[in-house]
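Just below is one structure, and these are the notes that go with it.
Rule-based calculations on the coordinates, nothing more; no lab input. Keep in mind that this is a model prediction, so the values were computed, not measured. With ideal geometry, Cβ positions are generated from the backbone for all residues, glycine too; neighbour counts draw on all protein chains shown.
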Amino acid sequence: MHQYIRFLAIGIMVLLGVAAAQADKDYRGKWWRIPQVAETLKLSEDETRQLEAAFETALVNMLEAKSKVEVEQIKLRMLMEESDLDRAAVLEQHRRQEEARTRLAEARFAFLLEVRQIVGRDRFQKIMEIREERKRERNLEKSHRNPE
C-alpha cells in the first residue's frame, strides 16, 4: 500500500510540473501581462519584474502545497475504503489533509500580499475590481452556455 501511495504521489508531482510548464507558456495567472490590465494599472518595468519574480516563487510554493493536498486526499480516501475502518487513523489523516489545505491557502495569500506590497493600495483595489468584473463575465458566459 505504501508503495502505491509513493507511486501516486510521484505521478501527481510530474503531472503538476507539466501543468505548471503549460500554464507558464500560456501566461495563465500572469494578469500583469494582459495589455489592457497593464495599461490600466500603469505598471513600471520594475514592478513587472517584481511581479514576475513573486509569481515564480509563489507558483513553486503553490504547486508543492497543492500536490501535498492531493496526496493527503488520496491517503484519506484509501483509509476510508478499507474494510476495517480505523477511526483514529482516519481522523489523523483528515487532520493532515486540512493542514495541507491550510498551507495551500497560506501560499496563495502570500502571493496576494506580495502583489499588494508591489502595486500599492489604490492599484491593488483596482486589481480586485478587475478580478470581480472578469468573474462576473465568466459566470455570465457560463450561464449562457448552460441555461437551466
Where does each of His144, His94 land when they are ranked from fewest to most other beta-carbon atoms within 10 angstrom?
His144, His94
Take His144 and Arg28, extend 7 Å from each Cα along the Cα→Cβ direction, and tell me the distance between the two endpoints in nm.
2.3
If you plug each phi of the range 126-142 into the Karplus form 6.51 cos²θ - 1.76 cosθ + 1.60 with θ = phi - 60°, what whole-Hz ³J(HN,Hα) values come out, in order, with x for Gly and Pro?
5, 4, 5, 5, 4, 4, 5, 4, 5, 4, 4, 4, 5, 5, 5, 4, 4
Quick calc of log₁₀ I(q)/I(0), the range 34-148, Debye, one scatterer on every Cα, no solvent, q values 0.09, 0.21 1/Å, result -0.43, -1.07
For Asp46 paired with Lys135, estimate the spin-label separation in nm (one decimal), with each label point 7 Å from Cα along the Cα-to-Cβ line.
3.2
If I take R0 = 35 Å and measure r between the Cβ atoms of Gln125 and Glu64 in this structure, what FRET efficiency does the formula 1/(1 + (r/R0)^6) give, to the nearest 0.05?
0.70
